[in-house]
Each structure stands twice: as structure tokens, then as C-alpha cells.
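J.: Before anything else, here's the structure in question.
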Amino acid sequence: MPFPPPPRTLTGPRRRSLLASAAGAALLVGCSTDGDDTENTAGSPSAAERARARAAADSETLVQHYDSVLAAHPTLAERLEPLRAEVVRHATAFGGSGSTPSSTATAAPSASASASAVPATASDALAGLAAAERTLADQRAKALLDVPGELARLLASVAAAGAGHAYLLTEDAK
């Protein structure tokens, strides 16, 4: 003999369980911190401050890479200047100086200092920039897992922009 069906069949979560889960979520949100971890331990910078400083330095290094390519291949200026300007904004967003001079002001020093580091052909130089953008985007995507809310969102946004730059730099190579 089969068992009789329950008196009332449940079609979804009960009202009490929804209210309990909503209250639990509210408690979790209320207890979490959304701001940067600015607490210092024995005078050392927090992990968020170190990550922010590293991201700013990485962006400034990438700007220098753009400047080197622009100095060696001035014909790429129209294509690279908008991307370079974005990287300068990224450095500023992370707390970098943001006062990196434009490629026209640094063309002579960059050409002598890193002429050997820039490939001879424009397509190879673009491929090198794309690889640098892609590598930095991957590093930032991994780093965002270890930092608090707002900085993680900034790292994710800049990593996405870097991946977009890598695509734009290799767009004509296909």
C-alpha cells in the first residue's frame, strides 16, 4: 500500500526560510567592511596599500613601455596615444603620480635609453606591447582576489581595460 501524499505540497521556499535567509544576509553585509584595509600592523602598510602601490608602479612602467615604442616608431602615435592616455589614467587611479610626460616630451631620452629593448618593426613592437598589457591584466585579475571591495573592483576594471588594449594592439595582426 502506497503512502498517502503529504497534506500540502511545497512548491518553493517557505516564507519563514526566506525571512531567515534575508536576515542572515543583512547581518553578513552589516559585518563586512567594504572600504580599503587601511589598518596598519606595527607601522607596515596594509596588503591593500601594497597592492595599490604595486598597481600604480606597474601602470607607470607600462607607460614607459608605450613611450619607448612611440619614440622608436613615431608612425604609431595616432594608434597608441589614446591607449597610453588610458594607462596614465590607470596609474593615477591607483595613486600614482599621473604626471608622466607625454611621448613627445620623452622621445629623445627614451630612444637612447631603450632603443635596444624596442623591436625594429612596428608590428613586433605592437605585439610586445600587447603581451605586456595581457600579462599585466592577468596579474591584476589574480591580485583582485586578495584585496578588499573597492580596490578589487578597480583592479577588475583596469584588468578588463588592459585585455581590451591587448586586443586592440593585435587587431590588425590577424
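J.: So in segment 39-51, with the set limited to residues that are in a helix (DSSP H, G or I) and open to solvent by less than 60 Å² (accessible area, probe 1.4 Å), which one is modelled with the lowest pLDDT?
T.: Of the residues in segment 39-51, the ones in a helix (DSSP H, G or I) are 47-51.
Next cut, open to solvent by less than 60 Å² (accessible area, probe 1.4 Å) only: 47-48, 51.
Working: ALA47: 85, ALA48: 88, ALA51: 92.
Across segment 39-51, the extreme among qualifying residues is ALA47.
J.: Among the residues of segment 73-85, what is the count of those that are open to solvent by less than 50 Å² (accessible area, probe 1.4 Å) and touching a residue at least 40 places away in the same chain (Cβ under 8 Å)?
T.: Our first condition is that a residue be open to solvent by less than 50 Å² (accessible area, probe 1.4 Å); within segment 73-85, this holds for 73, 76-77, 80, 83-85.
Cutting the leftovers down to touching a residue at least 40 places away in the same chain (Cβ under 8 Å) gives us 73, 76, 80, 83.
Counting residues in segment 73-85 that are open to solvent by less than 50 Å² (accessible area, probe 1.4 Å) and touching a residue at least 40 places away in the same chain (Cβ under 8 Å) gives 4.
J.: For segment 70-81, which positions are in contact with a helix residue (DSSP H, G or I) (Cβ under 9 Å, 6 or more places away or on another chain) and assigned to a helix (DSSP H, G or I)?
T.: Restricting attention to segment 70-81, the residues satisfying the condition of being in contact with a helix residue (DSSP H, G or I) (Cβ under 9 Å, 6 or more places away or on another chain) are 70-77, 79-81.
Those that are in contact with a helix residue (DSSP H, G or I) (Cβ under 9 Å, 6 or more places away or on another chain) and assigned to a helix (DSSP H, G or I): LEU70, ALA71, ALA72, PRO74, THR75, LEU76, ALA77, ARG79, LEU80, GLU81.
J.: Being within 15 Å of THR75 (Cα to Cα) and among the hydroxyl-bearing types (Ser, Thr, Tyr) is the filter here, so list the residues in segment 117-142 that pass it.
T.: THR121, SER123
J.: Now for a separate question. Being out of contact with any Pro (no Cβ under 9 Å at 6 or more places or on another chain) and farther than 29 Å from LYS142 by Cα is the filter here, so list the residues in segment 54-72 that pass it. Reasoning before the result, please.
T.: Residues of segment 54-72 that are out of contact with any Pro (no Cβ under 9 Å at 6 or more places or on another chain), as a first pass: 54-66, 68, 70.
The answer is LEU70, and nothing else.
J.: Go through segment 86-174 and tell me which helices (runs of 4 or more DSSP H), entirely inside it, have 2 or more residues that are modelled with pLDDT of 90 or more and either open to solvent by 30 Å² or more (accessible area, probe 1.4 Å) or small (Gly, Ala, Ser) (or both).
T.: On the way: elements: 107-114, 122-143, 149-170.
Result: 122-143, 149-170.
J.: Return the pair list, or none, for Cβ contacts closer than 7 Å from residues in segment 56-67 that are more than 8 Å from ALA91 (Cβ to Cβ) and open to solvent by less than 10 Å² (accessible area, probe 1.4 Å) to residues that are part of a helix (DSSP H, G or I) and among the polar types (S, T, N, Q), at least 6 apart or on different chains.
T.: ASP67/SER110
The values are calculated or read from the model by the stated rules, or taken from the named source; none is laboratory data. Since the structure is predicted, the reported quantities are computational estimates derived from the model, not experimental observations. Neighbour counts run over all protein chains shown; Cβ positions are idealised from the backbone, glycine included. Remember, those area values only see protein heavy atoms, side chains included, never the ligands or the DNA or RNA. Shrake-Rupley method; radii C 1.70, N 1.55, O 1.52, S 1.80 Å.
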